[in-house]
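Participant: The structure follows.
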Amino acid sequence: MNAIPVTNLFNKPCYSQFDDQDWDILVHHWYPVARIQDVSIQPQQVMLLDVKLALYKTESGTIHLVRDICPHRGVPLTKGWVSGENIVCPYHGLHYNGEGKCVKIPAQPELTKISDRFSLTKFPVVEKYGLIWTSIFSRDPSKANFPVLDTWDMSDHQAILPPFVDIGGSSGRQLEGFIDVAHFAWVHHGSFADPDNQIVPKYTTERTDYGLHTEYVSNVSNYPHGIQDLAPEGFLWKRVFDVYPPFSAVLTVHFPEQGLLKILNACCPVSHNKTRLFVPLTRNFDTTGDLQAVYDFNAQIFAEDQDMVESQKPEELPLDISMEAHFEADRSSTTYRRILAECGLSKRYVV
Ligand code: FES
Ligand SMILES: [Fe+2]
């Protein structure tokens, strides 16, 4: 893939409240920005790390992501439209092709060579787990730390992609909440947990080449209330968390009778305090069951978490371990914070 032309390099947007150094690091990672099924020929704006992007597909079906600003007079391209393989800016009708090059200036049709100054900034598009993934400055997906959801394409597993969830909290706080095993009894007693089952048994967390791996075994059921007697008496539930920093994690839940549920928690850090959460999941049981029931259960659980994540202060995850108090069951969280700090993210990481 080509490097970004020098004319198209850009700095952190002036309205962004990310720490400068944190933004410079985060822009080299890869994130999901949309579900593939939601992309159409009607350009739509998505935001990543405070950068506004235009997402659209052309008439051949090719998906494009470009910076949502026309290099002529700064009008968002999402106010425009797709014509054939081009996107057209609505202000003066400039046409941009699939490489982001301007191929038509209607006011000057006699122009045979159009300057590269009229080029759009393009971003890479990788399709994975039903999602569009991109990076602001990385151009080599082979070096990306993509989460592994190996069951997504397996014929004996059902792949499910619920609607995304918009959260008014930072991606670090949200991700840490996803791997937190001490809040089940307190936050999720309305969906699957037991308010009287509060003790967190000892569990193991280890560093890996991709991030961290936690195995947690307890008697907290993963079935919704109402069908919890489906599990045999005394069944122990194993939950495995694999974290792919900065903001993705896969939870594998081992159900009775070799049942496997895998949930990918993939954050798009829209802004320092805004996250668009994508949750592709797979299961090898109940594969003909009602999908709406899965969407509803998923939405209920994330809504329970949302109230906590949106109220935490500071909004961003404090990577200086001494800034908050921890108990032993927080081992996964503190390890996650250390990994982010080692990535070079500021210990402050607080706005
Ligand atoms: S601002 Fe886009 S064509 Fe002029
Ligand atoms: Fe939770």
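Participant: Kindly provide the set of residues from region 185-217 that are β-branched (Val, Ile, Thr), within 22 Å of the chain's Cα centre (by Cα) and surrounded by fewer than 20 Cβ atoms within 10 Å (Cβ to Cβ), ordered by number.
Facilitator: Correct list: Thr208 only.
Participant: Then there's this: Would you check if Val46 is within 23 Å of Tyr244 (Cβ to Cβ), modelled with pLDDT of 95 or more, surrounded by fewer than 21 Cβ atoms within 10 Å (Cβ to Cβ) and of a type in the set (A, V, I, L, M, F, W, C)?
Facilitator: It is false that Val46 is within 23 Å of Tyr244 (Cβ to Cβ), modelled with pLDDT of 95 or more, surrounded by fewer than 21 Cβ atoms within 10 Å (Cβ to Cβ) and of a type in the set (A, V, I, L, M, F, W, C).
Participant: Find all pairs meeting these conditions: Cβ atoms under 9 angstrom apart; at least six residues apart or on different chains; first residue within region 34-53 and within 22 Å of Asn265 (Cβ to Cβ); second residue among the small types (Gly, Ala, Ser) and part of a strand (DSSP E or B).
Facilitator: Between residues of region 34-53 that are within 22 Å of Asn265 (Cβ to Cβ) and residues that are among the small types (Gly, Ala, Ser) and part of a strand (DSSP E or B), the close pairs are Val46/Ala34; Val46/Ala54; Met47/Ser271; Leu49/Ser271; Asp50/Ser271.
Participant: Further, regarding this structure: For region 226-238, does any single residue satisfy the condition of being in contact with a strand residue (DSSP E or B) (Cβ under 8 Å, 6 or more places away or on another chain) and either within 30 Å of Ser271 (Cα to Cα) or open to solvent by less than 10 Å² (accessible area, probe 1.4 Å) (or both)?
Facilitator: Yes, region 226-238 has at least one match.
Participant: Residues Ala159, Ala182: which one is surrounded by fewer than 18 Cβ atoms within 10 Å (Cβ to Cβ), within 11 Å of ligand 2 (Cβ to nearest atom), modelled with pLDDT of 95 or more and small (Gly, Ala, Ser)?
Facilitator: One residue alone meets the criteria, Ala182.
Participant: While we're here: Can you give me the number of residues within region 131-150 that are over 23 Å from Asp24 (Cβ atoms) and either surrounded by fewer than 20 Cβ atoms within 10 Å (Cβ to Cβ) or at pLDDT below 95 (or both)?
Facilitator: Matching residues across region 131-150 total 2.
Participant: Here's a check for you: in region 298-336, which residue that is open to solvent by 50 Å² or more (accessible area, probe 1.4 Å) and within 16 Å of ligand 2 (Cβ to nearest atom) is nearest to Asn273 (Cα to Cα)?
Facilitator: Per the stated criteria, the residue is Glu310.
Participant: Still on this structure, I have one more. Being surrounded by fewer than 16 Cβ atoms within 10 Å (Cβ to Cβ) and within 9 Å of ligand 1 (Cβ to nearest atom) is the filter here; which residues of region 80-105 pass it?
Facilitator: Pro90, Tyr91, His92, Gly93
Participant: Could you tell me whether any residue of region 71-79 is aliphatic (A, V, I, L, M) and either within 24 Å of the chain's Cα centre (by Cα) or open to solvent by less than 10 Å² (accessible area, probe 1.4 Å) (or both)?
Facilitator: Within region 71-79 (the criterion being aliphatic (A, V, I, L, M) and either within 24 Å of the chain's Cα centre (by Cα) or open to solvent by less than 10 Å² (accessible area, probe 1.4 Å) (or both)), the answer is yes, since at least one residue qualifies.
Participant: Same structure, new question: Report yes if some residue within region 285-303 is in a helix (DSSP H, G or I), closer than 25 Å to Gln17 by Cβ and away from ligand 1 (no atom under 16 Å from the Cβ); otherwise report no.
Facilitator: The answer is yes; a qualifying residue exists.
The values are calculated or read from the model by the stated rules, or taken from the named source; none is laboratory data. Here the structure is a predicted model, which means the values were calculated and not measured. All Cβ positions, glycine included, derive from the backbone under ideal geometry; neighbour counts span all protein chains shown. Ligands, DNA and RNA are stripped out before the accessible areas are found, and what is left, the full protein with its side chains, is counted by its heavy atoms. Shrake-Rupley method; radii C 1.70, N 1.55, O 1.52, S 1.80 Å.
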